[in-house]
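The values are calculated or read from the model by the stated rules, or taken from the named source; none is laboratory data. All of these numbers come straight from a predicted model, not from anything done at the bench. Don't worry about glycine lacking a Cβ; one is built from the backbone with ideal geometry, like all the others, and counts go over all protein chains shown.
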Amino acid sequence: MKIQTLFFGITSDLVETNDLEITISENSSINDFKVFLKKKYPKLENINSYAIAVNETYAEGNLILKEGDVVAIIPPVSGG
Amino acid sequence: MKRTSIKITSKKLDLQECYNFVEDDSCGGISAFIGTVRNDTQGKEVLQLDFSTYKPMAIKEMQKIADLALEKFPIHKIAIHHAEGMLQIGEIPVIITASSKHRKATFEACEFAIDTLKETVPIWKKEYFSDGEVWVNAHP
């Protein structure tokens, strides 16, 4: 299934893009997705310290992704 | 009546707008927190800051903070406005205003809102120095 993946902050520099379509197997969880992403982009070595948002809401690692989800990689925020 | 005003803009933030939004005859006080761009970080001179956002989600998270502040504190209204894009020293990345019958709630609401914003709202700043640039907080 296809997952639209958004990168922000330092992660967009590490993967050198803001936006990617990633194909992973059905019934993958966020944790599975992180493992996949780290394998594909070894520079994302700190991925376990990044938050993940699915469809604009923070999500836990055990959430199962579905086709068409928008997954955002959220490194530590620094607004204000 | 709308009791929250949430905004992310690449235009200059407007303190008067945030004041006018929360101002009300029933209120005895208004507090404002104004974040400003500082010229140094840990002794190193900062030239400018670039704020990037995950805008639709950042708006939702700011709205959650405003709604929660209304639940937690006896305030009348709250405004949370944040800037995006390149800001120079002394410019304003964030304004929070809150109004209430009595002053204490306004202080508490502003403090709660800025503290929570810094933890949860997907906004990132990059500091620019004379010899390069760095994402703030990138390596916890």
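Among the candidates B:LYS104, B:LYS77, single out the residue that is among the basic types (Lys, Arg), more than 27 Å from A:ILE52 (Cα to Cα), crowded, with 20+ Cβ neighbours inside 10 Å and modelled with pLDDT of 95 or more.
B:LYS77
Look at region B:95-140 and say how many of its residues are facing chain A (nearest Cβ under 9 Å) and in contact with a helix residue (DSSP H, G or I) (Cβ under 7 Å, 6 or more places away or on another chain).
The total comes to 8.
Within region A:1-27, track down each residue that is within 25 Å of B:LYS60 (Cβ to Cβ), of a type in the set (Ser, Thr, Tyr) and in contact (Cβ under 8 Å) with a residue 24 or more places away in the chain.
A:THR5, A:THR11 - these are the residues of region A:1-27 that are within 25 Å of B:LYS60 (Cβ to Cβ), of a type in the set (Ser, Thr, Tyr) and in contact (Cβ under 8 Å) with a residue 24 or more places away in the chain.
Within region B:1-35, which residues are assigned to a helix (DSSP H, G or I) and among the polar types (S, T, N, Q)?
If the condition is that a residue be assigned to a helix (DSSP H, G or I) and among the polar types (S, T, N, Q), then B:GLN16, B:ASN20 are the ones that fit.
Residue under question is A:GLU45, and the condition is that it be modelled with pLDDT of 95 or more and more than 25 Å from B:GLU61 (Cβ to Cβ); does it hold?
no
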